[in-house]
1. Scan region 30-64 for residues that are surrounded by 18 or more Cβ atoms within 10 Å (Cβ to Cβ) and at pLDDT 95 or above and report the count.
2. Does region 17-29 include one or more residues that are buried (at least 18 other Cβ atoms within 10 Å of the Cβ), within 16 Å of the ligand (Cβ to nearest atom) and assigned to a strand (DSSP E or B)?
3. Going residue by residue through region 34-49, is there one that turns out to be within 12 Å of the ligand (Cβ to nearest atom), in contact (Cβ under 8 Å) with a residue 60 or more places away in the chain and over 18 Å from residue 68 (Cα atoms)?
4. Would you confirm, using the coordinates I've provided, whether residue 103 is under 23 Å from residue 130 (Cβ atoms), crowded, with 20+ Cβ neighbours inside 10 Å, over 14 Å from the mean Cα position of the chain (by Cα) and not β-branched (Val, Ile, Thr)?
5. Scan region 1-16 for residues that are buried (at least 17 other Cβ atoms within 10 Å of the Cβ) and within 9 Å of the ligand (Cβ to nearest atom) and report the count.
6. Test residue 111 against the stated conditions and say whether it is within 16 Å of the ligand (Cβ to nearest atom), in contact with a helix residue (DSSP H, G or I) (Cβ under 6 Å, 6 or more places away or on another chain) and closer than 23 Å to residue 36 by Cβ.
7. Hey, can you tell me all the residues within region 65-88 that are surrounded by fewer than 16 Cβ atoms within 10 Å (Cβ to Cβ), out of contact with any helix residue (DSSP H, G or I) (no Cβ under 6 Å at 6 or more places or on another chain) and in a loop (DSSP other than H, G, I, E, B)?
8. Being in contact with a Phe, Trp or Tyr (Cβ under 8 Å, 6 or more places away or on another chain), away from the ligand (no atom under 14 Å from the Cβ) and under 27 Å from residue 192 (Cβ atoms) narrows it down to one residue among 101, 141, 156; which is it?
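The values are calculated or read from the model by the stated rules, or taken from the named source; none is laboratory data. What you see is a predicted model, and the numbers here were worked out from it, not measured in a lab. Here Cβ is always computed from backbone atoms with ideal geometry, including for glycine, and neighbour counts include all displayed protein chains.
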Amino acid sequence: MNDILVLYYSRHGATRELALAIAQGVDSVTGMQARVRTVPPVSTVCEATQPDIPADGPPFAELRDLEECAGLALGSPTRFGNMAASLKYFLDGTTPQWLSGALAGKPASVFTSTGSLHGGQESTLLSMMLPLLHHGMMIVGIPYTESRLTTTQSGGTPYGASHHARTGDDAPHGITADEKALAIALGARLARTARDLVRGAQAA
Ligand SMILES: Cc1cc2nc3c(=O)[nH]c(=O)nc-3n(C[C@H](O)[C@H](O)[C@H](O)COP(=O)(O)O)c2cc1C
């Protein structure tokens, strides 16, 4: 068990960019690797179905990805200060994993992208932690020993990685150097934590 599941939803690509930086951090840890997965959009049209395999980008997540991972990084764009329905819909289908305790004791981190700087990054990150805590996961954040947390002029929070896309009148911005560095640091910290927990369990 040496995979970190980097699971995200992204409509316009900003959260996906953050996910790839987190995956880079995971892959920098010896013995660990990122398993990047996404979820399909939910639709109010019940007849609309998505193909099993998306046209581009990473595959859609399956429930077994949760069972097989050593840790989880969960990402969503902010939607009215909360996670997107598509990701919540996937999480609402994890009752079998909740019943079996498949995620209990595993570490988890969260990340988000917002259109505005004060439009709900922290509320989204905190609310994304709630279902993970119900699953018994252990939340891994970003410590202030990461100096960019103090100096960033864009995203990056102790609660998780974040990105300020500046949508609206501005053209959307890609992730800044600070946002990327903090996302990489979070991915690496999550992977190290998961590796140490697995090794500890094996030694016990
Ligand atoms: C329905 C909807 C609700 C949104 N709510 C917020 C919000 O509460 N705060 C905010 O700053 N941005 C909000 N946004 C903007 C997105 O969070 C932002 O564009 C984000 O960068 C999109 O990420 P993506 O490129 O991964 O899809 C909203 C966008 C949509 C479509």
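1. Here the count works out to 8.
2. no
3. No, region 34-49 contains no residue that is within 12 Å of the ligand (Cβ to nearest atom), in contact (Cβ under 8 Å) with a residue 60 or more places away in the chain and over 18 Å from residue 68 (Cα atoms).
4. Values: under 23 Å from residue 130 (Cβ atoms): yes; crowded, with 20+ Cβ neighbours inside 10 Å: yes; over 14 Å from the mean Cα position of the chain (by Cα): yes; not β-branched (Val, Ile, Thr): yes.
In short, yes.
5. Adding up the residues that qualify gives 6.
6. yes
7. Within region 65-88, 80 is the sole residue that qualifies.
8. Matching residue, one of 101, 141, 156: 141.
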